[in-house]
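So the structure is just underneath, and the comments pick up after that.
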Amino acid sequence: MATNRIRGNRALLATAMAASLLLGAAGCAREGGAEASKDSGVVHVVCGATEDWCAATTKKFTESTGVKADFVRLSSGEALARIKAGKGNAEFDVWYGGPADGYASAGDEGLLESYVSPNAGVIPAKYKDPQGTWTGVYVGALGFCSNSKLLTERGIGLPDSWTALLNQKLAKDIGIAHPSTSGTAYTTLWTQVQLAGGDEGKALDYMRKLHPNVLQYTKSGSAPAQMTARGEVAVGVIFAHDCVATMEAGFPDLRLSFPAEGTGYETGGVALVKNAKNPTSARKFVDWALTTEAQEVGPSVKAYQFPTNPDAKVSEKVIPLSGIKMVEYDAVAAGKAKSALNKRFDTEVAQAPKS
């Protein structure tokens, strides 16, 4: 009798465990179904890359996955502001392109959803957030894009240091964006912090010295390339790939150089927006953005950043990072400091009179 009771109890236990597993599976199915049911099968992307790259990337994604995609092209600061404005009612599902310090700042404000893509394993650790807040899709170094004809007229050589930009002969002759709206410009500002050993005061002191030589602070980080090409300024402080693309567009007088002290770089990211309306489609976009197919789109539209996927083909027009002296750029620290440092830049530098 005792043996039969034990067997009976074991049978009841097994039945209960099976029922529990079935209920759990049903719950997971309901959750997955709920997420799938609220996903419309389209992904809305806020894109910080060039207009052409954004268009080519979203088109290729749709061709490869069958998932529809659209985009709005915004600079890094604008993208962050729009995502923040839509915190209670997300306008976008994915943020793609633009320096990772903006993503780190957004993550600190609870605007992004952590997601470690199964494709993130091949991406080097230095190009991704370990918690999955963002993952890098490309890398680009800061450089000086100069109009050689104008430099000759001013009797100065190609700038090869940050100090060279302080030359009085370059008064109101440098193009650079504002760090509050441009990820490129914030990379420039944070590079000065890194070169100053983390001292933000010294970094801002350098920017104050540079201020009289700046013609204007543009909204877009790539705009100084066009200003330099048109002869509005002699030097533009931009990412190297933007200068290369502008040269290719038919401006043979442009020359690219890098500062001997060291230069900063961007890790262009991709991330899920918190409470996205199309989370399933958004994850598919992130997964695809880390593939070689996605990272080989850039050169087809004259976007010559270095891919983070080591298996992606690298265009011969991409500037090798190994030949550039780089600073130790900490995107997470840069993101944490971004809001306060930009406010200081605006009040202590951008609004200062030019002598």
**OP:** For the range 327-355 and the range 272-289, write down the distance between their C-alpha centroids in whole Å.
**Re:** 31 Å
Original post:
Relative contact order, percent, of the chain when contacts are C-alpha pairs under 8 Å separated by at least 6 residues?
Top reply: 26 percent
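Within the set Lys84/Lys284; Lys202/Lys354; Lys172/Lys317; Lys149/Lys169, which residue pairs have Cα atoms separated by over 21 Å?
With Cα atoms farther than 21 Å apart: Lys84/Lys284; Lys172/Lys317.
Stretch Asp205-Ala249 to full length: gain in nm at 0.36 nm per residue minus the Cα-Cα span?
12.3 nm
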Subject >> Arg255 - accessible surface, heavy atoms, 1.4 Å probe, Å² rounded to 10 >> reply: 100 Å²
Original post:
Label points 7 Å out from Cα along the Cβ direction at Thr65 and Lys317: separation in nm?
Top reply: 2.7 nm
Original post:
Taking springs between alpha-carbon atoms closer than 10 angstrom, which of Val237, Val43, Val72 fluctuates most in the Gaussian network model of the chain?
Top reply: Val72
**OP:** In nm, give the distance between the simple-model label positions of Leu166 and Asp108, each being 7 Å from the Cα along the Cα-to-Cβ direction.
**Re:** 2.8 nm
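Quote the FRET efficiency, to the nearest 0.05, computed for Lys336 versus Thr152 with a Förster distance R0 of 35 Å and r equal to the Cβ-Cβ distance. Don't jump to the answer; show the numbers that get you there.
On the way: r = 43 Å, r/R0 = 1.23.
In this case the efficiency is close to 0.20.
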Original post:
Taking the Cα centre of the chain as origin and charging only Cβ (+1 Lys, Arg; -1 Asp, Glu), how large is the dipole, in debye to the nearest 20?
Top reply: 720 debye
Original post:
Among Ala271, Ala234, Ala340, which one moves the most in a GNM of the chain with springs linking Cα atoms closer than 10 Å?
Top reply: Ala340
Original post:
How far, in nm, would the chain grow between Asp346 and Ser40 when pulled straight, counting 0.36 nm per residue and subtracting the alpha carbon separation?
Top reply: 106.0 nm
Original post:
By a straight-distance test (C-alpha under 13 Å), which aspartates and glutamates pair with Lys38 as possible cross-link partners, with residues fewer than eight away in the same chain excluded?
Top reply: Asp93
Original post:
Tell me, what ³J(HN,Hα) does each residue in the range 294-307 have, in order and in whole Hz, if you take phi through Karplus 6.51 cos²θ - 1.76 cosθ + 1.60 with θ = phi - 60° and put x for Gly and Pro?
Top reply: 5, 7, 9, 6, x, x, 5, 10, 6, 10, 10, 7, 8, x
Original post:
How large is the helix-only mean residue ellipticity at 222 nm for the chain, computed as the sum of -39500 (n - 2.57) over DSSP H runs with n ≥ 4, divided by its residue count, in deg cm²/dmol to the nearest 500?
Top reply: -13000 deg cm²/dmol
**OP:** Please give, to one decimal in nm, the separation of the simple spin-label points placed at Lys87 and Lys325, each 7 Å out from Cα toward the Cβ.
**Re:** 4.2 nm
**OP:** For the range 32-117, with all protein chains present and a 1.4 Å probe, just round the carbon and sulfur fraction of the accessible area to a whole percent.
**Re:** 50 percent
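Want the number for Val72 to Thr292: 0.36 nm per residue separation, take away the alpha-carbon distance, what's left?
Values: separation 220, 0.36 × 220 = 79.20 nm, distance 2.35 nm.
Roughly 76.8 nm would be gained on extension.
When a/c reaches 1.5 or more, the comparison of a/b and b/c decides; with that in mind, is the range 249-353 rounded, prolate or oblate per its Cα gyration tensor? Please list the in-between numbers first.
Values: a/c = 1.95, a/b = 1.11, b/c = 1.75.
Oblate, because a/c is 1.5 or more while a/b does not exceed b/c.
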Original post:
Probe 1.4 Å, all protein chains in place: accessible area of Ser64 in Å², nearest 10?
Top reply: 50 Å²
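The values are calculated or read from the model by the stated rules, or taken from the named source; none is laboratory data. The model shown is predicted, which means the values in this text are computed figures rather than measured ones. So basically every Cβ, Gly included, is an ideal-geometry build from the backbone, and we count neighbours across all protein chains shown. When the accessible area is computed, the model is the full protein with side chains, heavy atoms only, and any ligands, DNA or RNA have been set aside. Shrake-Rupley method; radii C 1.70, N 1.55, O 1.52, S 1.80 Å.
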